[in-house]
Amino acid sequence: MNNDGGPGRSSRAVAVTGMAVTTGYGHGVDALREGIWSGEPAFVPVTRFDTSRYEVGVAAQAPGALDLDSELITLTEEALKQAGLSENERADAPLVMARHADPAVSRLPRAEQESRPISDTARWLSRELGLGGAGRTYINACVAAGTAIAEAAALISSGRNDRVVVAAGHLVDAESFTTFNAGKALAKDGRLRPFSSGRKGLLLGDGVGAVVLEAVDSRTGMRPLARLTGWGMAGDAHHVCQPHPQGLGMARAITRALDRAGLGPADLDYVNAHGTGTPYNDSAETAALHRAFGEHAEHIPVSSTKSMHGHALQAAGLVEFVICLLALELGSLPVNSGYLGPDPDCRLDLVLGSARQVEARHVLNLNAAFGGANTALVVSAA
Amino acid sequence: MTTAENTLTPDSLPLAVLARASWSAASDERPPNLPGFTASPFAPIIAHVADLCLKERYKEPPVPPERAEWTAMVLVSQLGDMATEAAVVESVDKGTKASPLLFFQSVPSAVLGVVSARWNLGGAVITISPAGDPLTEAMDLAQLLIEDGSAKDVLLVLVELAVREGLPNHASALLVSAEELP
């Protein structure tokens with residue numbers, strides 16, 4: 001093993017070959033691209049359940065009636081089709097997932113709960129889509145999808161698998177509204193304003209999606225959308241639900257991801273930040289970026305697209321990973337919406353006003369979660 | 001119980017189990033209360049069994065910095081924290097006000113913030129629901145994290161709450177490494 005930490009003993013390059021997503025903008029990557037690059041947030045009054053007992057009644061809720069399982073199977077199929085996998089290649093690809101426990105299981109009699117583990121969804125999806133079996137289901141909240149993508153990359157990089165499918169899902173529901181309302185985490189002014197003065201908190205958003213990761217050159221006819229060149233994970237060792245105020249864990253995760261990618265801060269063209277719009281998170285994340293980037297910290301464009309699609313919790317990392325792919329594809333960086341003015345604790349080069357045209361080569365996707373978890377993914381142009 | 005033994009997995013590095021601990025409601029005393037975690041025994045059990053395991057190896061906190069920074073934590077549970085989930089669902093169904101504590105208690109990995117802060121562990125913070133045998137999956141993930149360079153040591157905590165008679169709340173923890181340490 002590598003005694004100094006860092007990339008392991010084998011390192012096959014990882015390509016992204018398929019993506020599909022549903023967000024508050026509706027079904028599909030096209031809807032997400034159009035919505036995010038319009039700069040208009042997807043927040044609307046929630047109609048899926050009664051919000052009268054909560055302090056906030058808006059979220060980035062997709063139009064129409066959505067069912068998580070139906071969206072997951074439809075989107076995963078779309079991602080597989082885009083990747084162009086044969087039947088045999090599908091059967092070779094395990095499915096790694098990110099989601100929260102299904103509240104419906106909690107409503108079952110206790111005796112029936114044992115037969116409904118959280119990993120059931122991955123098992124069902126894998127079986128229905130002819131995939132190579134259910135992998136692990138990540139349930140570590142806001143870093144669940146980021147961690148699942150990192151595991152998929154490690155499975156490929158280490159030579160264990162040629163390809164891995166990652167699926168993630170969170171639909172705005174009464175249960176998440178209840179806990180976030182109880183924690184007074186929702187923005188009472190109905191806007192999620194990352195890194196801004198006067199930010200009030202977060203808003204929830206729908207997020208369901210799938211991506212296909214493959215070893216570069218593992219088959220003929222592959223059409224990479226981008227490469228996943230770096231991934232890093234680290235903990236804050238600080239608190240149950242507050243980030244380390246100096247961003248220690250996130251800075252470590254960023255450094256680990258950049259080291260693996262063989263890049264330095266100056267190579268980065270964009271950061272899609274976790275940016276929840278809460279006072280604690282955004283100042284700590286800014287501290288992490290300064291710690292990891294040093295003199296470059298205020299010269300790398302940053303935005304949190306949660307300001308438009310909301311916080312998709314377990315699926316946040318997947319939605320934002322897809323946005324990073326789109327930023328590379330479009331040569332355009334999405335805006336940090338909802339901005340009211342500078343906060344001295346958030347000194348960053350924020351993408352404000354409108355999308356910024358940049359021929360990006362390498363972008364960074366960040367997420368953080370309760371328990372002090374942090375993930376960093378480096379996505380590079382194909 | 002501390003047993004340094006090799007766990008061989010095909011085609012991969014052998015992992016050494018540096019320390020292990022277990023806890024069961026059937027035979028062991030109730031874990032110490034954990035401030036802020038009141039709706040469920042899930043988090044107190046995890047913090048307790050993790051402490052027992054780390055104490056076996058390091059006697060007392062913190063873990064030396066050179067190892068702490070690369071010690072990952074992996075929490076493994078098939079069903080997750082069903083007691084807290086039940087409290088959330090009850091609040092929704094009855095329309096009652098939810099405790100503010102449910103905000104973080106409903107996140108199964110939140111308790112790992114207690115363990116990592118106490119022992120100064122700076123590695124990855126991961127929580128999974130395994131599709132296969134929990135211990136096999138846990139060891140496989142630990143091996144992957146170490147081989148991948150994402151960790152040097154991994155603290156695995158496996159926990160399930162009781163869902164039927166004869167199967168009480170139970171948990172186990174293992175500290176594993178690719179290195180044989182004195």
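Scanning the stretch B:75-101 for residues that are more than 21 Å from B:Glu160 (Cβ to Cβ), assigned to a loop (DSSP other than H, G, I, E, B) and not small (Gly, Ala, Ser) gives B:Thr96, B:Lys97, B:Pro100, B:Leu101.
Name the residues in the stretch A:321-349 that are within 15 Å of A:Leu268 (Cβ to Cβ) and under 19 Å from the mean Cα position of the chain (by Cα), would you? Residues satisfying the conditions are A:Cys324, A:Ala327, A:Leu328, A:Leu333. For the stretch B:84-97, how many residues meet the condition of being facing chain A (nearest Cβ under 7 Å) and surrounded by fewer than 24 Cβ atoms within 10 Å (Cβ to Cβ)? Residues in the stretch B:84-97 being facing chain A (nearest Cβ under 7 Å) and surrounded by fewer than 24 Cβ atoms within 10 Å (Cβ to Cβ): 5 in total.
Candidates in the stretch B:113-138 are the residues that are more than 7 Å from chain A (Cβ to nearest Cβ) and either at pLDDT below 95 or outside any helix (DSSP H, G or I) (or both); of these, the one that is least open to solvent (accessible area, probe 1.4 Å) is B:Gly132.
Among the residues of the stretch B:162-182, the ones that are in contact with a Leu (Cβ under 8 Å, 6 or more places away or on another chain) and modelled with pLDDT of 95 or more come to 8 in all. Identify the single condition in (1) under 23 Å from A:Gln314 (Cα atoms); (2) open to solvent by less than 20 Å² (accessible area, probe 1.4 Å); (3) more than 8 Å from chain A (Cβ to nearest Cβ) that B:Val176 does not satisfy, given that it satisfies every other one. Only one criterion is unmet by B:Val176, namely (1).
Evaluate the following for A:Ala101: is it part of a strand (DSSP E or B) and small (Gly, Ala, Ser)? Considered against the rule, which asks whether it is part of a strand (DSSP E or B) and small (Gly, Ala, Ser), A:Ala101 comes out as no. Residues that are modelled with pLDDT of 95 or more, more than 18 Å from the chain's Cα centre (by Cα), more than 14 Å from chain B (Cβ to nearest Cβ) and assigned to a loop (DSSP other than H, G, I, E, B): does the stretch A:237-250 have at least one? Within the stretch A:237-250 (the criterion being modelled with pLDDT of 95 or more, more than 18 Å from the chain's Cα centre (by Cα), more than 14 Å from chain B (Cβ to nearest Cβ) and assigned to a loop (DSSP other than H, G, I, E, B)), the answer is no, since none of the residues qualifies.
Annotation note: of A:Thr47, A:Thr22, the sole residue that is touching a strand residue (DSSP E or B) at 6+ places or on another chain (Cβ under 8 Å) and of a type in the set (Ser, Thr, Tyr) is A:Thr22. Which members of the stretch A:128-170 meet the condition of being surrounded by fewer than 23 Cβ atoms within 10 Å (Cβ to Cβ) and charged (D, E, K, R)? Listed by number, the residues that qualify are A:Glu128, A:Arg160, A:Asp162. Please work out if B:Leu144 is without any contact (Cβ under 8 Å) to a residue 24 or more places away in the chain, at the interface with chain A (Cβ under 9 Å from one of its Cβ atoms) and under 18 Å from A:Gly135 (Cα atoms). It is true that B:Leu144 is without any contact (Cβ under 8 Å) to a residue 24 or more places away in the chain, at the interface with chain A (Cβ under 9 Å from one of its Cβ atoms) and under 18 Å from A:Gly135 (Cα atoms).
Taking the stretch B:139-164 only, how many residues are in a strand (DSSP E or B), open to solvent by 10 Å² or more (accessible area, probe 1.4 Å) and hydrophobic (A, V, I, L, M, F, W, C)? Spell out how you get there, then give the answer.
Filtering the stretch B:139-164 down to residues in a strand (DSSP E or B) leaves B:153-160, B:164.
Then keep just the ones that are open to solvent by 10 Å² or more (accessible area, probe 1.4 Å); that gives B:158, B:160, B:164.
From what is left, the residues that are hydrophobic (A, V, I, L, M, F, W, C) are B:158.
Looking only at that region, the number is 1.
Residues in the stretch A:86-108 that are in contact with a strand residue (DSSP E or B) (Cβ under 7 Å, 6 or more places away or on another chain) and farther than 30 Å from B:Gln105 by Cβ were compared, and the one that is farthest from the other protein chains (Cβ to nearest Cβ) is A:Glu89.
Determine which member of the set A:Glu78, A:Glu112 is surrounded by fewer than 17 Cβ atoms within 10 Å (Cβ to Cβ) and assigned to a helix (DSSP H, G or I). Can you show your working first?
On the way: A:Glu78 fails: surrounded by fewer than 17 Cβ atoms within 10 Å (Cβ to Cβ).
The match here is A:Glu112.
Taken across the stretch A:274-283, residues that are aromatic (Phe, Trp, Tyr) and in contact with a strand residue (DSSP E or B) (Cβ under 9 Å, 6 or more places away or on another chain) do not occur at all.
Out of A:Gly317, A:Gly353, A:Gly371, A:Gly294, one residue alone is at positive phi, at pLDDT 95 or above and in contact with a strand residue (DSSP E or B) (Cβ under 8 Å, 6 or more places away or on another chain). It is A:Gly371.
Do we have any residue at all in the stretch B:152-167 that's within 7 Å of another protein chain (Cβ to nearest Cβ), within 23 Å of B:Ala39 (Cβ to Cβ) and within 13 Å of the chain's Cα centre (by Cα)?
No.
The values are calculated or read from the model by the stated rules, or taken from the named source; none is laboratory data. Keep in mind that this is a model prediction, so the values were computed, not measured. Virtual Cβ from ideal backbone geometry, glycine too; neighbours counted across all protein chains shown. Areas reflect the complete protein model, heavy atoms only, side chains present, ligands, DNA and RNA absent. Shrake-Rupley method; radii C 1.70, N 1.55, O 1.52, S 1.80 Å.
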